[in-house]
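Values in this text are rule-based calculations from the coordinates and carry no lab data. Remember, predicted model here, so these are calculated numbers, not experimental data. No Cβ is skipped: glycine too gets one built from the backbone with ideal geometry, and neighbour counts run over all protein chains shown.
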Amino acid sequence: MGIKLARRRFLLNRQFNYARPLIFCCEVNSYTDKVASLNTPLAKRLSRIEPSARSRRLEECLVDCLAGQPGDLVIGDFDILFSPTYQVDVVALLVSAYRRHRFDVLWPGTFVGNELVYAEEGYPDYRTYDINRYDITCIF
């Protein structure tokens, strides 16, 4: 089950080794200042894979991009994962990859109620993710 945590409360109770991924839905100085961009490295890895196999190997490519990165990594700029051709649950993919390499996420969309939202309604890559379905902590 997902947890919502206000930015102010997060900063007051700084815990550094959360057992679940932190999804930052807002800027938090010193945490989200240095965000690792993943679009280009992911695109390079995916381009080497047959298009029909890319959805199945998306997590493997993501983890490969994370390999060798520091443990206090915050990832962002991973919009390629939301491509409708992959038909993947991006939040579930991030949670699964987190088990193999710890990182936090700067969410590329908005946070409304209990949902992470990507893109705008009416666009093919529009998605909503109910945080209660995932083992994550959302900082808003």
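Cβ-Cβ distances below 6 Å connect the following pairs, each with a first residue in segment 57-75 that is touching a residue at least 40 places away in the same chain (Cβ under 8 Å), a second residue that is not in a helix (DSSP H, G or I), and a separation of six or more residues or different chains: VAL74/THR32; VAL74/VAL35; VAL74/ASP104; VAL74/LEU106; ILE75/ALA36; ILE75/LEU38; ILE75/PHE103; ILE75/VAL105. Among the conditions (1) within 13 Å of the chain's Cα centre (by Cα); (2) in a loop (DSSP other than H, G, I, E, B); (3) over 19 Å from ILE3 (Cβ atoms), the only one that ILE80 does not satisfy is (2).
Filtering segment 35-50 down to residues that are free of Cβ contacts under 8 Å to residues at least 12 places away in the same chain and in a helix (DSSP H, G or I), which residue is nearest to ASP64 (Cα to Cα)? Out of the qualifying residues, it is LYS44. Does any residue in segment 78-100 that is farther than 17 Å from SER52 by Cα come within less than 7 Å, Cβ to Cβ, of a residue that is in a helix (DSSP H, G or I) and of a type in the set (Phe, Trp, Tyr) six or more places away or on a different chain, and which pairs are these? Correct list of pairs: VAL90/PHE82.
Counting the residues of segment 84-102 that are farther than 14 Å from THR128 by Cα and either among the aromatic types (Phe, Trp, Tyr) or assigned to a loop (DSSP other than H, G, I, E, B) (or both) gives 7.
Can you say whether SER52 is small (Gly, Ala, Ser) and touching a strand residue (DSSP E or B) at 6+ places or on another chain (Cβ under 9 Å), as far as the supplied structure shows? It is false that SER52 is small (Gly, Ala, Ser) and touching a strand residue (DSSP E or B) at 6+ places or on another chain (Cβ under 9 Å). When residues in segment 1-23 are screened for being more than 21 Å from GLU59 (Cβ to Cβ) and either assigned to a helix (DSSP H, G or I) or small (Gly, Ala, Ser) (or both), 7 of them pass. Determine, yes or no, whether PRO21 is buried (at least 17 other Cβ atoms within 10 Å of the Cβ) and under 13 Å from the mean Cα position of the chain (by Cα). In short, yes. Across segment 119-140, the number of residues qualifying as among the polar types (S, T, N, Q), closer than 12 Å to MET1 by Cα and not in a helix (DSSP H, G or I) comes to 1.
Within segment 24-34, restricting attention to residues that are assigned to a loop (DSSP other than H, G, I, E, B) and surrounded by 19 or more Cβ atoms within 10 Å (Cβ to Cβ), the residue that is nearest to the chain's Cα centre (by Cα) is CYS25.
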